[in-house]
There are 2 protein chains.
Amino acid sequence: MAESLEHAGDPLGGVAGPAVPERLLAAGLADEIEFLAARARSLGSAQANAVLAPLGLKVRSYSVLAVVCGAAEPSQRELAEFLRLDPSQIVTLVDALEQGGLVARAPDPRDRRSKVIRPTPAGQDLYRQAAEAVRTAEDVSLAALDGAERDQLRGLLRKIAFG
Amino acid sequence: MAESLEHAGDPLGGVAGPAVPERLLAAGLADEIEFLAARARSLGSAQANAVLAPLGLKVRSYSVLAVVCGAAEPSQRELAEFLRLDPSQIVTLVDALEQGGLVARAPDPRDRRSKVIRPTPAGQDLYRQAAEAVRTAEDVSLAALDGAERDQLRGLLRKIAFG
DNA sequence: CCCATATAATTGAGTTTGTCAACGATAATT
DNA sequence: AATTATCGTTGACAAACTCAATTATATGGG
């Protein structure tokens, strides 16, 4: 049993999606935070994937690139735990990014089993563009919330996303 | 392009997951609401899947059962839109629930193309147990939040999950 | 120092999930 | 009545997840 961070992307790639009959909103499911989070994420990642596609990224590869560009040389195991992906998926993701010249595997002097992932200049460049694109996508996804509400939401989610 | 609600469940089925180095939290990704929502959902659905397994359900089939038990006879198309799944996935899910004797397809008198899904008594029974199990799982996943924070979070998520 | 045990990355096989196009039946539109 | 659209279904395919096994290395105990 497992629950990856992204799961194979959800079906229904539509960015916006049709309106939902209020009849269904009345059901108990619409009160479950997990369901709401899942639906919000589904909408958000459809939006994000749409803006990332022109850059040759998906939310998955973007998330790896983002950690690599933002954190101090994570190992693949650290990436796996942080992103809640199986180590073997990290291998595939890093392979693709490395082939694209966006990141590089470097030996970890402290542990020769481990490899630290570092961004290349091209990777940092692309990340900057991608991060900007994702911000605009997020802005669309979160259009219903004002700035204060977004901060609130971020804070609450951070509490449950990391324990 | 699509993003389903659940996506193929995320990898990394672990319910709790190891602690994350603070070094990674500093990265920009940890500020993105979509990422936080995805991680929260990943943790939550691992938890939920764990408690649902003994009942023969997963979060997916549970979500269908929940809508069916809570709403006024949704059609399969409505289920697909609400859950953000492809109609063909609904076919599979309803097939399984119907085979398990939990729901039934009934012809829609208003539209003979459409089929409304109704719970059987066994389905309603199982739903009650499952809903209770999911509540306890949610309680674990949201342990870091008090009641007021949970209400706040629910409200914010509802705003973005439905437009 | 040697051995047992544990961990990091990798591979590969197998399952599940998501994506998409096409079809038959029916409805809605003109 | 004819065109066009929609609902459920099927099937073929791609992407993602799951798990076990492997190799290399680390770690801890005798």
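The values are calculated or read from the model by the stated rules, or taken from the named source; none is laboratory data. A quick note: this is a predicted structure, and the numbers were derived from the prediction, not measured. For neighbour counting, all protein chains shown are included, and Cβ atoms are generated from backbone atoms with ideal geometry for every residue, glycine included. All accessible areas refer to the heavy atoms of the entire protein, side chains included, with ligands and DNA or RNA removed. Shrake-Rupley method; radii C 1.70, N 1.55, O 1.52, S 1.80 Å.
I'd like to verify a number: residues in the stretch A:71-83 that are open to solvent by 30 Å² or more (accessible area, probe 1.4 Å) and either closer than 17 Å to residue A:124 by Cβ or of a type in the set (Asp, Glu) (or both), how many? Please lay out each step first, then the result.
To start, the set of residues in the stretch A:71-83 that are open to solvent by 30 Å² or more (accessible area, probe 1.4 Å) comprises A:72-73, A:76-77, A:81.
Adding the requirement that they be either closer than 17 Å to residue A:124 by Cβ or of a type in the set (Asp, Glu) (or both) leaves A:72-73, A:81.
Counting residues in the stretch A:71-83 that are open to solvent by 30 Å² or more (accessible area, probe 1.4 Å) and either closer than 17 Å to residue A:124 by Cβ or of a type in the set (Asp, Glu) (or both) gives 3.
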Report task. Any residue in the stretch B:91-103 that's on the phi > 0 side of the Ramachandran plot: show its pairings with residues that are not in a helix (DSSP H, G or I) at Cβ separation under 9 Å, as long as the two are six or more apart or on different chains. Result -> B:101/B:120
**Report entry** Options B:118, B:158; residue that is open to solvent by 70 Å² or more (accessible area, probe 1.4 Å), more than 16 Å from DNA strand C (Cβ to nearest atom) and part of a strand (DSSP E or B)
**Finding:** B:118
Report task. Scan the stretch A:68-78 and give yes if some residue there is under 29 Å from residue B:154 (Cα atoms), at the interface with chain B (Cβ under 7 Å from one of its Cβ atoms) and more than 8 Å from DNA strand C (Cβ to nearest atom), otherwise no. Result -> no
Query raised in the report: Given the structure, is residue A:24 assigned to a loop (DSSP other than H, G, I, E, B), at pLDDT below 95 and more than 10 Å from DNA strand C (Cβ to nearest atom)?
Result: no
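Could you run through the stretch A:84-115 and say how many residues are surrounded by 20 or more Cβ atoms within 10 Å (Cβ to Cβ) and in contact with an Asp or Glu (Cβ under 8 Å, 6 or more places away or on another chain)?
Final tally of qualifying residues: 2.
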